[in-house]
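Notes follow the structure.
The values are calculated or read from the model by the stated rules, or taken from the named source; none is laboratory data. Given the structure is predicted, the values throughout are model-derived calculations rather than measurements. Positions of Cβ are backbone-derived with ideal geometry, glycine not excepted, and every protein chain shown enters the neighbour counts. What goes into the accessible areas is simple: the full protein's heavy atoms, side chains included, and nothing from ligands, DNA or RNA. Shrake-Rupley method; radii C 1.70, N 1.55, O 1.52, S 1.80 Å.
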Amino acid sequence: MSNYKQEINRRRTFAIISHPDAGKTTLTEKFLLYGGAINLAGSVKGKATARHAVSDWMEIEKERGISVTSSVLQFEYGGFCINILDTPGHQDFSEDTYRTLMAADSAVMVIDASKGVEAQTRKLFKVCVMRKIPIFTFINKLDRDANDTFELLDEIEKELGIATCPVNWPIGSGKRFRGVYDRDRQCVLMYSDTEKGTKEGETTEISVSDHGKLTEAIGQEAADTLRDEIELLDGASAEFDLDLVRSGDLTPVFFGSALTNFGVEFFLQHFLKMTTTPLPRKADTGLIVPDENDFSAFVFKIQANMNKAHRDRIAFMRICSGKYEASMEVKHVQGGKVMRLSQPQQIMASERKILDEAYAGDIIGVFDPGIFSIGDTLCMPKEQFCYEGIPTFAPEHFARVRQVDTMKRKQFVKGITQIAQEGAIQIFQEFNTGMEEIIVGVVGVLQFDVLKYRLENEYNVEIRLENLPYEHIRWIENKEIDLNKLTGTSDMKKIKDLKGNPLLLFVNAWSVGMTLERNEGLKLSEFGRD
């Protein structure tokens, strides 16, 4: 049993979040480099080179140089088994990120030093706060000219409402970037150039009290500025308090450059000491403790066609408690069936490895014959509980979808249904019709491009999208309401989701209030639950 608890306790599962182009994928690659999972960092920019970031695997991602889906990457480092959930930065794919955060125990927030806190950072941060997820901040791109360091910290505190505690401190930026100061050990760390995409390189340490050596290494002006900043920092910044970090009220801040490897390993080492072992999870029967309960997991993501040759669907599960062993029987709670998980695998972007065992904290991919939904619970056959559901966020853009070739109706319905089951898009039908009229709702308009691209490339179906004017969607909470008798507004449309739940679409926000006024007892919700 001790070995089993040890395995769980050495797991660290975290998500990396950021605004697009803050350097998140580059940072992820450098972690893999230090863990020996890859030997050479790829380039994120798809058009310039044939090498692509390890975590971006979908064709459209390679063409555009952006992350569209979350990737799961596992590697070993310093005795820890690390599960990284790399999320899309682009706001049009934020729903995938929201769900991925449900599977993480902590989050690493990457901020571009020249841009500070950006819109998407704010949005994702709110989800972390909502879930009390511990947040670690990596301020990236110090190899370029950056904003004032104190202003960056001030911005994080004001914009995100969280206290900051710098663990290291940058010496200059851009061409004047000399290294980082380690506050705990009171020394300056300087690195030889490691821009070649490998982890080789030397670190030089100089004590801050060795005035002569420090001045010689970074120059008089930089040395004087550093001493002034240290004094200011020691008087002004929050004290480091691990309990506050773990409760999500204080973020440790690290500075560096993922591109040149400045401060990346320093960050990784400190982060692993500060972050937690897998955390207990809420279920309808109470808290499920990772090392005290038998195997249980929940589905947080479904991805179809990861392997073009096999046309398969993978359900990604976060193991919440116990140990998974090959060929063990588990209960799919929502389906009410006892089953063996088919080909459980660890996914490294598009690479796969069949697993014999996995522990609480691990993320596994399981072949899905079409039975799993996002939010489903798996547990041992003798158990019966459900993990709390994953919210379905309200789409903000809608379009009517039609296939060009009416002979390909079957492929069209199959394709659009499978893509919808992944949660990237939501599909609806006109209230009193079948699948003849399909309306697609997305959080961001880029999802329409992805839908079109995937239907053509994966299902050989060409579609036409007709944009609809609706911007607001509401789920009807009291199902007993008769939709035929509902008095709405002229800009309201009645629809239903795949499970037959009734919903309402509105063009204007004020129409929502008016509809509530006209229908006594009607309860509307801004998001549904899977």
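Its Cα gyration tensor gives region 401-521 an equivalent ellipsoid. The semi-axes, each the square root of 5 times an eigenvalue, are 29, 15, 12 Å from largest down. Its relative contact order, with pairs defined as Cα atoms under 8 Å and 6+ residues apart, puts region 431-526 at 29 percent. Less than 5 angstrom separates the built amide H of residue 143 from those of 174, all sequence-distant by 5 or more or on a different chain. Sorted on the mean count of surrounding Cβ atoms within 10 Å across their residues, most packed first, peptides 124-130, 8-14, 367-373, 333-339 read 8-14, 124-130, 367-373, 333-339. Net charge dipole, region 389-485: roughly 240 debye, given to the nearest 20, about the Cα centre with Cβ charges of +1 for Lys and Arg and -1 for Asp and Glu.
Model label sites at residue 227 and residue 483, defined 7 Å from Cα along the beta-carbon direction, differ in position by 7.4 nm. For region 209-314, the Kirkwood radius over C-alpha pairs fed into Stokes-Einstein at 20 °C and 1.002 mPa s yields D = 110 µm² per second. What separates the Cα centres of region 222-278 and region 475-525 is a distance of 49 Å.
Order these peptides, 470-481, 511-522, 250-261, by their mean beta-carbon neighbour count within 10 angstrom, highest first.
Descending packing order for the listed peptides: 250-261, 470-481, 511-522.
Quick one: plug the Kirkwood hydrodynamic radius of region 456-530 (C-alpha pairs) into Stokes-Einstein at 4 °C, 1.567 mPa s, and report D in µm²/s. The calculation lands on 94 µm²/s.
Applying 1/(1 + (r/R0)^6) with R0 = 25 Å to the Cβ-Cβ distance of residue 294 and residue 340, what FRET efficiency is obtained, to the nearest 0.05?
Working: r = 16 Å, r/R0 = 0.63.
Given R0 = 25 Å and the Cβ-Cβ separation, E is 0.95.
For region 326-336, backbone phi angles converted through the Karplus equation (6.51, -1.76, 1.60; θ = phi - 60°) give residue-by-residue couplings of 3, 6, 6, 8, 10, 9, 8, 4, 5, x, x Hz, Gly and Pro being listed as x.
In the neighborhood of residue 296, defined by Cβ-to-Cβ distances under 14 Å, what is the net charge if each Lys or Arg adds +1 and each Asp or Glu adds -1? All intermediate terms of the calculation are to be shown ahead of the outcome.
Numbers: positive: 281, 282, 318, 323, 331, 382; negative: 284, 291, 292, 294, 325, 329, 362, 376, 383, 388.
Around residue 296, the charge tally is -4.
The listed residues 490, 207 rank as 490, 207 when sorted by accessible area, largest first, using a 1.4 Å probe. Selection among 469, 489, 417 by position relative to the dipole of region 372-530 gives 417 as farthest towards the positive end (Cβ unit charges, Cα centre).
Could you point to the residue in 385, 359, 398 farthest towards the positive end of region 358-447's charge dipole, with +1 and -1 charges on the Cβ of Lys/Arg and Asp/Glu respectively? Positive-most Cα among the choices belongs to 398. For residue 463, the residues whose modelled amide H falls within less than 5 Å of its own, excluding neighbours fewer than 5 places apart on the same chain, are 404. Straight Cα distances below 19 angstrom link residue 141 to the aspartates and glutamates 21, 29, 86, 112, 118, 151, 154, 155, 182, 193, 195, 265, with same-chain residues fewer than 8 positions distant left out. Exceedance of the 21 Å cut-off in Cα-Cα distance is limited, within the set 408/452; 337/496; 337/382, to 337/496. Note on region 154-284: with charges restricted to the Cβ of Lys and Arg (+1) and Asp and Glu (-1), its dipole about the Cα centre is near 480 debye. Place a label point 7 angstrom from the Cα of residue 413 along the Cα-to-Cβ direction, then list the residues of region 352-372 whose backbone nitrogen is under 19 Å away. Counting backbone N atoms under 19 Å from the label point, the list is 370-371.
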